Amino acid sequence: MSITCTSSTDTTISLSITGLAAGFYQLERDMTTFITSFNIANPTDTVNVTDIGPLSPSITYTYTVVDVNSTIFTAQTCATTCILPGAKIQTPSGHKLIEDIVAGDMVVDEHGNNVKVIHNIKNGFGPKDVVTIKQGSIGNNLPFEDLEITHGHPIRIPEISGNNGFTKTEHTVESLVDNEQITTEKRGLKCSYTLMTEERIFVMINGIPVCTFAEKEFFEYCESSKKAGQCILYNLQ
């Protein structure tokens with residue numbers, strides 16, 4: 001029996017459940033939140049479920065399937081949107097790899113302002129849909145190196161006018177996929193990152209503006225879900 005995280009966005013996680021014996025089951029998130037119940041008539045049945053939350057970006061969730069006797073069959077950890085290691089963050093003193101960013105570091109936002117990083121949220125492992133934005137695919141040498149981000153993460157793209165500015169409109173990375181210069185594939189990730197700043201802003205990563213996680217939003221989510229202790233497990237660098 002297995003649960004597979006098939007896809008995720010900022011606000012949803014889709015799961016596929018297979019290999020259960022005939023019977024009645026329910027799916028839970030983090031052992032506390034009921035998601036749905038379902039009946040298996042045949043052991044070959046596959047159940048597809050989408051958790052519509054409320055969820056929050058950059059959070060790792062654990063899903064379990066429980067039978068009528070409260071027996072836990074398996075658990076699957078899934079996470080929402082993040083940036084893969086190797087991305088280069090613009091700082092006042094030059095570029096720095098996202099995995100090397102720590103609390104207190106200064107980064108540069110889309111307007112050229114220096115902004116302090118509250119935490120670098122290191123996310124857990126799991127299967128994720130990853131978009132690769134190839135060098136120069138959205139503008140003149142933009143991004144300046146390939147950038148890998150999971151589905152659902154907002155970015156801004158250059159204005160058509162070519163005046164070196166970026167649009168005010170946010171685009172989730174998967175909406176830009178053309179299967180040539182911008183591609184998507186499912187991968188098993190060991191880790192990924194999201195920068196936390198005081199306010200939700202866009203910081204320059206590989207030359208393009210990429211969204212951060214607002215501090216208040218992150219910790220309010222943890223508190224409301226009674227997950228503050230679990231948040232520490234995400235390694236807030």
#### Entry: Pairs with Cβ under 6 Å, 6+ apart, first in region 88-103 and without any contact (Cβ under 8 Å) to a residue 12 or more places away in the chain, second of a type in the set (Lys, Arg) and not in a loop (DSSP other than H, G, I, E, B)
HIS95/LYS88
### Subset of region 10-26 [more than 13 Å from ILE52 (Cα to Cα), among the hydrophobic types (A, V, I, L, M, F, W, C) and under 25 Å from the mean Cα position of the chain (by Cα)]
ILE17
### Message
For region 77-94, which positions are surrounded by 17 or more Cβ atoms within 10 Å (Cβ to Cβ) and either touching a Cys at 6+ places or on another chain (Cβ under 6 Å) or at pLDDT 80 or above (or both)?
### Response
CYS78, CYS82, ILE83, LEU84, ALA87, LYS88, ILE89, GLN90, THR91
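Could you identify the single residue in VAL65, VAL131, VAL107 that is crowded, with 18+ Cβ neighbours inside 10 Å, modelled with pLDDT of 95 or more and in contact with a strand residue (DSSP E or B) (Cβ under 7 Å, 6 or more places away or on another chain)?
Checking each option against the conditions leaves just VAL107.
The rows are residues; the columns are (1) modelled with pLDDT of 60 or more; (2) basic (Lys, Arg); (3) more than 27 Å from GLU145 (Cα to Cα).
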site: THR197; (1), (2), (3): yes, no, no
site: ASN206; (1), (2), (3): yes, no, no
site: CYS211; (1), (2), (3): yes, no, no
site: LYS216; (1), (2), (3): yes, yes, yes
site: ALA228; (1), (2), (3): no, no, yes
site: LEU233; (1), (2), (3): no, no, yes
### Query
Limited to region 26-43, what total is found for residues that are surrounded by fewer than 16 Cβ atoms within 10 Å (Cβ to Cβ) and either under 17 Å from THR12 (Cβ atoms) or without any contact (Cβ under 8 Å) to a residue 12 or more places away in the chain (or both)?
3
### From THR194, THR169, residue being in a loop (DSSP other than H, G, I, E, B), of a type outside the set (A, V, I, L, M) and closer than 22 Å to ASN113 by Cβ
THR169
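The values are calculated or read from the model by the stated rules, or taken from the named source; none is laboratory data. Since this is a predicted model, take the numbers as computed values, not measurements. Here Cβ is always computed from backbone atoms with ideal geometry, including for glycine, and neighbour counts include all displayed protein chains.
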